[in-house]
Amino acid sequence: MRSITYGQAIREAMYEEMTRNSSVFILGEDMGIMGSVFGLTKGFLEEFGENRVIDTPISENGFTGMAVGAAMRGLRPIVEIMYIDFTPIALDPIVNQAAKLRYMTGGQISIPLVIRAPGGAGRRNAGQHSQSLEALLTHFPGLKVIAPGTPYDAKGLLKSAIREDDPVICVEHKILYAKKGEVPEEEYLIPLGKADIKRSGKDVTIIAYSRQILFALEAAEELKKQGIDAEVIDLRTLVPLDWETIQQSIRKTHRVVLVQEAVKRNGYMGEIASQIIDELFDYLDAPVKRVAGLNVIPPFSPALEDHIYPNPQDIVNTVLDIAY
Amino acid sequence: MKKKEKELYLHFYHEMQRLRSFELKASELFTQAMLAGNIHTYIGQEAIAVGACNALLEIDYIVCTHRGHGQCIARGCSPNIMMAELFGKETGYCKGKGGSMHIADLSRGILGANGIVGAGLAIGTGSGLASKITEKSEVTLVFFGDGASNEGYFHESLNMASAWKLPVVYLCENNNYGVSVRIDRVCNVENIAERAKAYDIPGVIIDGNNVFEVYNAVQNAAEYAREGKGPTLIEAKTYRYHGHYEGDPQIYKSKEEMEKWLNHDSIEIIKKEILAKGFASEKTLEDVEKKVKREIEEAVDFAKNSPYPDIQRVTEDVYSTDNERGVAR
């Protein structure tokens with residue numbers, strides 16, 4: 001099978017869906033002539049025209065709100081918020097409008113909107129361009145949230161997200177854009193709300209998403225050398241959650257380590273931990289452990305930044321802590 | 001021409017009475033503790049919604065404000081279904097989930113009222129963008145208040161709509177107050193329409209209590225938008241007779257100010273003109289008022305006799321697909 005980057009996979013997802021459905025259009029900063037700051041939409045302007053690939057002013061709140069309005073009219077906007085760190089500027093249209101209008105109008109209104117939001121640390125972009133803010137966005141009923149970690153998942157999930165009639169936040173990781181993986185030539189979709197067991201194992205369950213899934217797989221290889229057979233679950237979608245896959249795994253392994261890059265406090269994995277304790281307490285042979293980012297602001301200096309988020313060794317160590 | 005003019009006058013009068021009657025009844029019901037939550041009444045501002053909505057075509061869209069009952073009725077919403085929504089009933093426009101502040105009716109191109117001041121500006125601008133992308137000739141009219149004109153949404157929306165010549169009419173109902181704060185205390189620009197200059201679009205100031213001024217201004221702006229020339233900012237000067245919400249003691253308003261505006265009442269203005277032009281007699285106009293009151297009484301009966309939503313509805317319509325799982329965890 002051919003191998004392409006995560007960035008190319010996202011590009012292909014958008015390209016194919018725009019070709020398939022003329023209601024799909026792109027709205028965001030530098031999406032047209034520049035082809036996005038990450039180069040994901042290069043050539044789209046020439047291919048689809050300026051009505052469908054729109055360079056916006058730096059007005060995240062305004063253009064995200066406009067995307068909500070256009071979605072109410074039946075179009076399918078894909079908004080790029082250049083860095084997920086800028087979503088707080090556009091929180092009203094995301095959380096008070098897109099998330100709520102279906103419910104508040106008694107089901108009259110659909111918001112088929114995708115917001116792509118590149119996040120994550122590792123690029124030396126400091127505190128306002130390196131955060132992982134997915135937990136914030138999972139808080140609001142009405143939003144769906146995906147966070148793919150591989151090119152294959154990114155393409156299949158984003159294509160499904162564009163076809164959804166609900167607002168979907170696609171949390172991408174900037175470091176992943178250049179990472180390659182196998183992606184078939186032929187079309188495929190990955191439904192939202194379905195986790196993927198990236199590695200089967202029987203001794204411990206490691207649950208992660210986005211970039212941390214790669215670290216979890218590395219950790220699993222290391223653990224294998226030490227005689228521990230880890231199962232690695234990639235959530236892929238945070239809302240709706242694939243609880244079935246989580247609970248089946250924990251009933252088998254009786255141990256679980258939850259991994260996220262985001263700061264630990266009020267992170268998404270805190271919610272997963274709580275659900276596991278609520279419902280699977282009797283199946284656990286060890287405490288539910290979280291491996292997460294430090295509760296700090298991403299620092300610029302390379303000497304500091306690499307210490308704020310989990311690395312494979314942190315995952316290994318945490319698994320060893322509960323492998324009694 | 002004369003006949004058409006007469007019809008228009010009588011139609012506007014009838015419509016304005018419907019809006020006021022609905023609101024007076026809503027206010028009364030609220031005072032009697034028949035309605036829950038908060039309501040924001042449109043009393044005093046009727047000429048704006050009636051003039052504006054009548055200047056639009058069926059294909060057009062509107063976006064309403066939190067003070068939006070009048071805008072919805074003027075666009076053709078049924079008082080029965082609206083009243084049912086105010087009562088939180090299953091038969092309401094939003095099945096009781098939106099309430100007074102959030103009535104939407106997509107079948108009439110009403111993209112919804114909004115509880116967030118200013119949000120409708122971006123939604124309406126996005127609707128204009130949708131018309132441009134799909135190369136349709138619809139116009140979107142955005143109602144908003146003086147308060148919303150100080151939100152970032154206002155400036156970002158007008159900037160993009162002007163840059164891209166979107167078919168949008170921005171209609172500011174300047175009723176002088178954002179809750180308790182008079183606009184001149186928080187804004188250095190005397191006329192909100194002057195802000196149009198910042199975006200190089202037409203800015204028009206009109207008497208918002210004169211229904212024909214509104215009608216003509218919106219017709220012109222809609223035509224301008226439909227021709228692909230872009231947005232217009234219209235500022236309709238008006239006044240809300242009641243508080244921000246029902247029960248607001250209104251300590252921030254002076255008696256003189258209130259009297260000045262009560263003497264410039266939108267319905268009285270058109271009534272005088274109708275009588276002066278001989279389009280109808282006092283008796284005919286009284287009959288209209290009576291008829292309208294009956295219509296609103298019927299709406300109250302409809303609402304009262306409607307069922308509350310079933311408890312199971314509370315988890316419905318959060319998502320269009322996979323709703324159960326999306327709500328469960």
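Read the figures in this text as sums done on the coordinates, not as results from a lab. Since the model is a prediction, treat every value here as computed from it, not as a measurement. Here the Cβ is made from the backbone with ideal geometry for all residues, glycine too, and neighbour counts use every protein chain on show.
Summary table
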{"quantity": "For the stretch A:133-139, 3J(HN,Hα) per residue [Karplus equation, 6.51 cos²θ - 1.76 cosθ + 1.60, θ = phi - 60°, Hz, x = Gly/Pro]", "calculated": "10, 4, 4, 4, 7, 6, 5"}
{"quantity": "Average partner coverage of A:264-274, which counts Cβ from other chains inside 10 Å", "calculated": "0"}
{"quantity": "Net lengthening on full extension, residue A:139/residue A:2 (0.36 nm per residue, minus Cα-Cα)", "calculated": "45.6 nm"}
{"quantity": "All lysines inside 17 Å of residue B:132 as judged from Cα atoms, apart from same-chain residues fewer than 8 positions distant", "calculated": "B:165, B:229"}
{"quantity": "Dimensionless Rg/Rh of chain A - Kirkwood Rh, Rg from C-alpha atoms", "calculated": "0.97"}
{"quantity": "The stretch A:3-182 shape via C-alpha gyration tensor axes, a/c threshold 1.5", "calculated": "rounded"}
{"quantity": "Cα-based helix-to-principal-axis angle, A:312-322 vs chain A, degrees rounded to 10", "calculated": "40"}
{"quantity": "Dipole of the stretch A:113-196, positive end: most advanced residue of A:121, A:193, A:137 [Cβ charges, Cα centre]", "calculated": "A:121"}
{"quantity": "Residue order, fewest to most surrounding Cβ atoms within 10 angstrom, among A:196, B:301", "calculated": "B:301, A:196"}
{"quantity": "Label point distance in nm, residue B:197-residue B:229, each placed 7 Å from Cα along Cα→Cβ", "calculated": "2.0"}
{"quantity": "Residue of B:97, B:277, B:237 that the Gaussian network model of chain B assigns the largest fluctuation, springs spanning Cα pairs under 10 Å", "calculated": "B:277"}
{"quantity": "Simple label model, 7 Å out from Cα along Cβ direction - residue B:276 to residue A:20, nm", "calculated": "6.4"}
{"quantity": "Summed side-chain charge close to residue B:39 - residues other than residue B:39 whose Cβ falls under 13 Å, Lys, Arg +1, Asp, Glu -1", "calculated": "-2"}
{"quantity": "In the stretch A:196-322, lysine pairs with alpha-carbon atoms under 26 angstrom apart (chain gap of 8 or more, or interchain)", "calculated": "15"}
{"quantity": "Axial C-alpha extent at least 18 Å, average Kyte-Doolittle at least 0.0 - helices from chain B (DSSP)", "calculated": "B:119-133"}
{"quantity": "Rg to Rh, two decimals, where the stretch B:22-149 supplies the alpha carbon set and Rh follows Kirkwood", "calculated": "0.97"}
{"quantity": "Estimated FRET transfer efficiency (residue A:46, residue A:248; beta-carbon r; R0 56 Å; 0.05)", "calculated": "0.70"}
{"quantity": "Lysine pairs within the stretch A:3-182, Cα separation less than 22 Å, 8 or more sequence positions apart or different chains", "calculated": "15"}
{"quantity": "Electrostatic dipole magnitude of the stretch A:196-322 [Cβ: Lys, Arg +1; Asp, Glu -1; Cα centre; debye, to 20]", "calculated": "60"}
{"quantity": "Principal axis dimensions, the stretch A:123-269 - Cα atoms, whole angstrom, descending", "calculated": "43, 38, 32"}
{"quantity": "Estimated distance in nm for a label pair at residue B:5 and residue B:190, the labels positioned 7 Å out from Cα along Cα-to-Cβ", "calculated": "3.3"}
{"quantity": "Rel. contact order, % - alpha carbon contacts under 8 angstrom, at least six apart, the stretch B:2-328", "calculated": "23"}
{"quantity": "Diffusion constant of the stretch A:146-225 at 25 °C, which comes from Stokes-Einstein with the Kirkwood Cα-pair radius and 0.890 mPa s, µm²/s", "calculated": "177"}
{"quantity": "Ratio of the Cα radius of gyration of the protein assembly as shown to 2.2 N^0.38 Å, where N counts its residues", "calculated": "1.08"}
{"quantity": "Cα centroid separation - the stretch A:131-186 against the stretch B:162-215, whole Å", "calculated": "41"}
{"quantity": "Exercise: per-residue mean of other protein chain Cβ atoms within 10 Å, B:117-124", "calculated": "6"}
{"quantity": "Isotropic mean projected area of the C-alpha convex hull, the stretch A:196-322 (nm²)", "calculated": "7.5"}
{"quantity": "Net charge dipole size for the stretch B:60-164 [Lys, Arg +1 and Asp, Glu -1 on Cβ; Debye, nearest 20]", "calculated": "260"}
{"quantity": "Computed magnitude of the charge dipole of chain B (debye, nearest 20; Cβ of K, R +1, Cβ of D, E -1)", "calculated": "240"}
{"quantity": "Selected from B:224, B:93, B:13 as most flexible by GNM, with chain B as the system and alpha-carbon contacts under 10 Å", "calculated": "B:224"}
{"quantity": "Two-decimal ratio, chain B, of alpha-carbon radius of gyration to 2.2 N^0.38 Å", "calculated": "0.99"}
{"quantity": "Farthest toward positive dipole pole in the protein assembly as shown [+1 Lys/Arg, -1 Asp/Glu at C-beta], among A:259, B:212, A:31", "calculated": "B:212"}
{"quantity": "Signed unit charges on C-beta, dipole axis of the stretch B:206-329, positive-most listed residue B:266, B:318, B:245", "calculated": "B:266"}
{"quantity": "Ranking of A:81, A:206 by count of other Cβ atoms within 10 Å, fewest first", "calculated": "A:81, A:206"}
{"quantity": "Cross-link partners of residue B:291 among lysines (Cα-Cα below 27 Å; sequence separation of 8 or more within a chain)", "calculated": "B:2, B:3, B:4, B:6, B:25, B:89, B:271, B:272, B:277, B:283, B:304"}
{"quantity": "Calculated FRET efficiency for the pair residue B:328/residue B:24, C-beta based, R₀ 51 Å, to 0.05", "calculated": "0.70"}
{"quantity": "For A:265, B:67, order by how many other beta-carbon atoms lie within 10 Å, fewest first", "calculated": "A:265, B:67"}
{"quantity": "Whole-Å distance, taken between Cα centres, linking the stretch B:289-326 and the stretch A:270-324", "calculated": "47"}
{"quantity": "Gaussian network model of chain A, Cα within-10 Å springs - most flexible of A:116, A:236, A:52", "calculated": "A:52"}
{"quantity": "Free-standing Cys residues across chain B, given no other cysteine C-beta under 4.7 angstrom", "calculated": "B:53, B:64, B:94, B:172, B:187"}
